[in-house]
Amino acid sequence: MVFNIEMETMSREEIQKIQLARLKETVKRCYENVPFHKQNFDDAGIKPEDIQSLEDLQRLPFMKKTDLRENYPFNLFAVDMKEVVRIHGSSGTKGKPTVVGYTKKDIENWSEIVARAICCAGGRPGDIFHNAYGYGLFTGGLGLHYGIEYLGAAAVPISGGNTPRQITLIEDFKPRGIAATPSYVLNIVEEMERMGIDPRQTSLEYGIFGAEPWSEEMREQLEEKLSIKAVDIYGLSEVMGPGVSIECYEAQDGLHIAEDHFLAEIIDPNTSEVLPYGAEGELVFTSLTKEAFPVIRYRTGDIASLNPEKCKCGRTTIRMSRIKGRADDMLIIRGVNVFPTEIESVLLSFKQLAPYYQVVVERDGALDRFEVHCELTSEFMHKIQDLENSEDVLKLVKDIGQAMKNALGVSVLLRINQPNTIPRSEGKAIRIVDNRNKVLMGK
Ligand code: DLL
């Protein structure tokens with residue numbers, strides 16, 4: 001097993017040297033093998049030989065999700081299909097799925113990247129690892145799976161769903177690690193409580209959670225409820241899958257990018273201008289080692305910032321902040337930009353609320369109306385008895401309203417429901433329900 005841990009503690013000069021050599025190879029591979037890239041480079045008047053420094057990256061054109069759709073299914077692949085050993089993609093709920101491919105070498109690299117990520121989260125060889133990410137076209141399940149095996153840990157490939165069975169296996173197999181979306185882990189915790197099992201008493205010691213935006217307050221709840229360390233893992237199928245970056249368990253302060261495989265930039269989403277470290281903007285990734293599906297300056301749509309400071313864990317790799325949200329999911333409420341994670345932070349700071357919520361968007365004449373739907377915990381419901389006529393609930397609504405206004409700079413409509421009314425997730429939670437284009441059927 002080759003484990004390139006030293007890549008994580010190199011000096012900036014050393015890592016940049018490796019990055020430049022790999023960037024040159026990637027650019028050449030794209031230019032020579034993918035007509036889409038050749039055309040884009042020619043249009044921009046750039047040849048692979050023009051890339052002589054990492055700064056030259058900025059001369060290259062961006063790639064977007066629409067480029068993947070327009071080249072569906074395999075036209076962006078840079079190798080012969082005979083060399084492709086795996087295909088993943090998005091579910092395609094918004095049109096054609098986006099398709100990505102991997103060679104044997106790509107899978108080997110990805111496995112190593114994820115194995116390193118699990119170590120970063122506190123995992124080690126010999127662990128039993130409960131993998132509740134969905135197995136299938138989605139990269140979560142198989143991505144983690146190969147990394148767990150590469151590390152020399154035992155993968156429990158349970159996938160998502162069938163929550164009572166998940167709990168039986170956690171009780172019986174006694175895993176140290178667990179991976180799932182944060183929203184699904186909450187669902188597992190709730191089911192444990194329903195079954196009379198104390199979630200703090202399981203064998204679990206660390207959790208690797210991601211694939212959807214989540215807040216610091218959500219981390220606190222998960223760590224408290226399960227008595228574990230919870231770290232954030234990021235990735236996207238277009239760039240590879242899970243493992244592009246991950247927090248370390250020592251600092252839990254930003255996600256270390258696997259910089260020997262991915263180059264990150266932050267750009268202004270409106271002007272495409274590259275922004276300095278610390279500035280918030282859209283994350284852009286260039287792959288450095290991928291063979292089957294290399295990406296050049298891929299615009300992720302995810303909003304974050306970059307921090308080049310050495311971490312207290314000893315790693316020197318650039319860290320990205322938690323993802324604030326996807327640019328597509330940004331709500332504009334009476335002129336103010338709001339991400340669901342910001343709403344989550346406020347809601348989860350109220351112990352009377354269960355950690356489930358949705359933002360429902362309706363058309364109200366010519367305007368959009370945003371309603372935040374949340375629910376009470378069973379304990380609080382039990383205490384107040386009557387949701388409609390409780391002084392405590394009135395006070396709660398007022399307090400949350402004020403806290404939202406302070407945090408977001410705008411007031412939002414709040415709907416507080418009975419316990420168990422917001423849909424539970426088995427994968428990525430649906431945070432925004434957009435009813436604006438819903439056609440009303442019937443009489
Ligand atoms: O979600 C890959 C993954 C699997 C990451 C398991 C982590 C764990 P996609 O289905 O292609 O891939 O979705 C990628 O999900 O562009 C982000 O918007 C969002 N996302 C992924 N990880 C995080 C995270 C996988 N930690 C899209 N925080 C990305 C916030 C995340 N958003």
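The values are calculated or read from the model by the stated rules, or taken from the named source; none is laboratory data. From a predicted model like this one, the values you see are computed outputs, not experimental measurements. Don't worry about glycine lacking a Cβ; one is built from the backbone with ideal geometry, like all the others, and counts go over all protein chains shown. Please note that ligands, DNA and RNA were not included when accessible areas were found on the heavy atoms of the full protein model with its side chains. Shrake-Rupley method; radii C 1.70, N 1.55, O 1.52, S 1.80 Å.
For residue 311, the solvent-accessible surface with a 1.4 Å probe is about 10 Å², rounded to the nearest 10. Can you tell me the orientation of helix 216-226 relative to the chain, as the angle in degrees between its alpha-carbon axis and the longest Cα principal axis, to the nearest 10? The two axes meet at around 70 degrees.
Express the carbon and sulfur contribution to the solvent-accessible surface of the chain as a percent, rounded to the nearest whole number, probe 1.4 angstrom. The value for the chain is 50 percent carbon and sulfur by accessible area.
In the chain, the longest principal axis of the Cα atoms and the axis of helix 182-194 are about 40 degrees apart. Hey, what did the chain get for relative contact order, percent, Cα under 8 Å, at least 6 apart? The value is 14 percent.
Bridges between two residues of the chain, per DSSP, are antiparallel at a rate of about 65%. In order along the range 164-171, phi translates into HN-Hα couplings of x, 5, 4, 5, 4, 5, 5, 5 Hz, rounded to whole numbers, per the Karplus curve 6.51 cos²θ - 1.76 cosθ + 1.60 with θ = phi - 60° and x for Gly and Pro. Peptides 363-371, 158-166 ordered by packing proxy, namely the average of other Cβ atoms within 10 Å per residue, highest first: 158-166, 363-371.
Sequence-ordered 3J(HN,Hα) estimates for the range 281-286 from the Karplus curve with 6.51, -1.76 and 1.60 and θ = phi - 60° stand at x, 8, 6, 10, 10, 10 Hz, glycine and proline given as x. Per residue, the solvent-accessible area of the range 330-440 (1.4 Å probe, heavy atoms of protein chains only, all protein chains present) comes to 57 Å². Between helix 12-33 and the chain there is an angle of about 80 degrees, using the helix long axis and the longest principal axis of the Cα atoms. Packing around the peptides 294-307, 276-289, 242-255, taken as the average count of other Cβ atoms within 10 Å per residue, puts them in this order, highest first: 242-255, 294-307, 276-289. Karplus-based coupling profile of the range 34-50, in residue order and whole Hz: 10, x, 4, 5, 4, 4, 4, 5, 4, 4, 8, x, 10, 10, x, 5, 6, with θ = phi - 60° in 6.51 cos²θ - 1.76 cosθ + 1.60 and x standing for Gly or Pro. Partner lysines whose Cα lies under 30 Å from the Cα of residue 28, excluding those fewer than 8 positions away in the same chain, are identified as 17, 38, 47, 64, 65, 82, 96, 104, 105, 290.
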